[in-house]
Amino acid sequence: MLPLPLGFNLLVLVHLLLGGLGAYCLLHEEGLIQESAILGGLAFAALPKLFAHYGAGHLTLLYAVPWTPWLLWAEARSGMGKTRPRWTQPGLFLAIIFLADVRWSLLAGLLWLAFAIRKRASWIHLVRQGALAGLLSAPLALPLLEFTRLATRSSMSSGDVFTFSLPPERLLGLFIPDFGGFQEYTLYTGEFILALALVALVSKSLRLRARFWWIIAGLSILLALGPGTPLFAALAWLPGFNLLRVPSRALFLCGLSFAALAAYALDGIIKAFPAAARR
């Protein structure tokens, strides 16, 4: 209904704002004060990797990735034992991600499983939500299963699967922005966010609270390195992973993790001051 490229730009903008709001709601649900949760939401919405992929024209990724915080938010609310709307089901958000970009749904689903296990979710809950996601995504999933048997992706080698794995020297991109660089290797989250994340690592009390996000950040970097880490080289043969390429897209999880870690650090810093001095 809108002229191009204005229509695409507005659609992407709405998704970026949606992702930032989702990260804020997730962190606030996790017990962080409003100011800290706002920082986490802003850090995720302004994630350089999102804008790098926008520049590359990967629009479906920008439609799918911002729903990831909402998936975790729904899971966080599911274990609270209080009345909640039906639309806050994690399976609904997982289906939305699948329908937006099938490739991202696998990593988002694994993150959701890890988050649910951290929350001590029952296996009945996991099966129920998985079934809900499967039913809602069936109009795309069933034809896709038939199609993949006939597509070249079904015969990819491990070398094909690990196309555009993150070169180890590109880890310097965590500290140095790569202006005009390759979008798949974009790792930079911002010096301010990185500094706060390191505070969350150094502080013992914060390290325990934010341990989940440090684990996710580390695993996502290992996965992005592809064959550079023998442990994850075996993933190329697992169902689902053997149909995907570009392991470096796991760095979206790293970006979300660093946004959360920065929020946890700010939360700890603010709470260290007396209540009257916090403003």
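What is the distance in Å between the Cα centres of region 239-279 and region 102-170?
Measuring centre to centre over Cα atoms gives 22 Å.
Calculate, for the chain, the solvent-accessible area per residue in square angstrom, rolling a 1.4 angstrom probe over the heavy atoms of the protein chains.
The answer is 51 Å² per residue.
Let me cross-check GLU169: its accessible surface, 1.4 Å probe, with only protein heavy atoms counted, in Å² to the nearest 10?
120 Å²
Residue-wise, which Karplus ³J(HN,Hα) couplings in Hz belong to region 264-276, taking 6.51 cos²θ - 1.76 cosθ + 1.60, θ = phi - 60°, and x for glycine or proline?
Values per residue, Gly and Pro as x: 5, 5, 4, 4, x, 5, 5, 5, 6, 8, x, 3, 5 Hz.
Restricting to DSSP H runs of at least four residues, report the calculated mean residue ellipticity at 222 nm for the chain, -39500 (n - 2.57) per run over all residues, nearest 500 deg cm²/dmol.
It lands at -20000 deg cm²/dmol.
Of the listed peptides 198-210, 104-116, what is their order by residue-averaged count of other C-beta atoms within 10 Å, with the highest listed first?
104-116, 198-210
Using the alpha carbon gyration tensor of region 16-111, what are the three equivalent-ellipsoid semi-axes (square root of 5 times each eigenvalue), largest first, in whole Å? Mind showing how you got there, number by number?
Details: eigenvalues 102, 64, 15 Å².
Over the Cα atoms of region 16-111, the semi-axes work out to 23, 18, 9 Å.
Among SER154, LEU32, SER257, whose Cα lies farthest out toward the positive end of the dipole of the chain, if unit charges sit on the beta carbon of Lys, Arg (+1) and Asp, Glu (-1)?
Checking the options against the dipole of the chain, the answer is LEU32.
Which one of ARG170, ARG103, ARG86 has the biggest mean-square fluctuation once the chain is modelled by GNM with Cα springs under 10 Å?
Of ARG170, ARG103, ARG86, the Gaussian network model singles out ARG86 as fluctuating most.
May I ask for the net charge around GLY190, where only other residues with Cβ less than 15 Å from the Cβ of GLY190 are counted and Lys, Arg are +1 while Asp, Glu are -1? Walk me through the numbers on the way to the answer.
Working: positive: LYS49; negative: ASP178, GLU191.
It works out to a net charge of -1.
Rounded to whole Hz and in sequence order, give me ³J(HN,Hα) for region 131-148 from the Karplus expression 6.51 cos²θ - 1.76 cosθ + 1.60, θ = phi - 60°, writing x for Gly and Pro.
Karplus-based 3J(HN,Hα) across region 131-148 equals 5, 4, 4, x, 5, 5, 9, 4, x, 9, 5, 5, x, 5, 4, 5, 5, 5 Hz.
Please list 3J(HN,Hα) in residue order for region 115-123, calculated via the Karplus relation 6.51 cos²θ - 1.76 cosθ + 1.60 where θ = phi - 60°; whole Hz, with x for glycine and proline.
Taking θ as phi minus 60°, the curve returns 5, 5, 5, 4, 7, 6, 5, 6, 5 Hz for region 115-123.
Taking a probe of 1.4 angstrom, what is the accessible area of LEU16 in Å², to the nearest 10?
Probe radius 1.4 Å; accessible area of LEU16 about 20 Å².
For a quick check of understanding: with a 1.4 angstrom probe and all protein chains in place, what accessible area in square angstrom does LYS271 have, to the nearest ten?
Per-residue accessible area (LYS271): approximately 80 Å².
Could you look at the chain and say what percent of its accessible area is carbon and sulfur, using a 1.4 Å probe and all protein chains? Don't skip to the end; give the middle numbers.
Numbers: 9940 of 14130 Å².
Roughly 70 percent of what the probe reaches on the chain is carbon or sulfur.
Amide H neighbours of VAL246 under 5 Å, counting only residues 5+ apart in sequence or on other chains, H built in-plane at 1.01 Å?
THR163
Rg to Rh ratio, the chain, alpha-carbon atoms and Kirkwood radius?
Values: Rg = 18.9 Å, Rh = 19.6 Å.
Using Cα coordinates only, the ratio equals 0.96.
Distance between the C-alpha centers of region 19-84 and region 178-230? Whole Å please.
16 Å
Taking the C-alpha atoms of region 2-68, how large are the radius of gyration and the largest Cα-Cα span, Dmax, in Å?
Answer for region 2-68, Rg first and Dmax second: 12.9, 42 Å.
On each of the three principal axes of the Cα atoms of region 45-164, give max minus min coordinate, whole Å, ordered largest first.
Reported extents, whole Å, longest axis first: 46, 36, 25.
What does the charge count near ALA210 come to, summing +1 for each Lys or Arg and -1 for each Asp or Glu among other residues with Cβ under 10 Å from its Cβ?
Surrounding charge for ALA210 is +1.
The values are calculated or read from the model by the stated rules, or taken from the named source; none is laboratory data. Please read all numbers here as calculations on a predicted model, not as lab measurements. Using ideal geometry, Cβ is built from the backbone for each residue, glycine included, and neighbour counts are taken over all protein chains shown. Quick note on the areas: whole protein, heavy atoms, side chains included, nothing else; ligands and nucleic acids left out. Shrake-Rupley method; radii C 1.70, N 1.55, O 1.52, S 1.80 Å.
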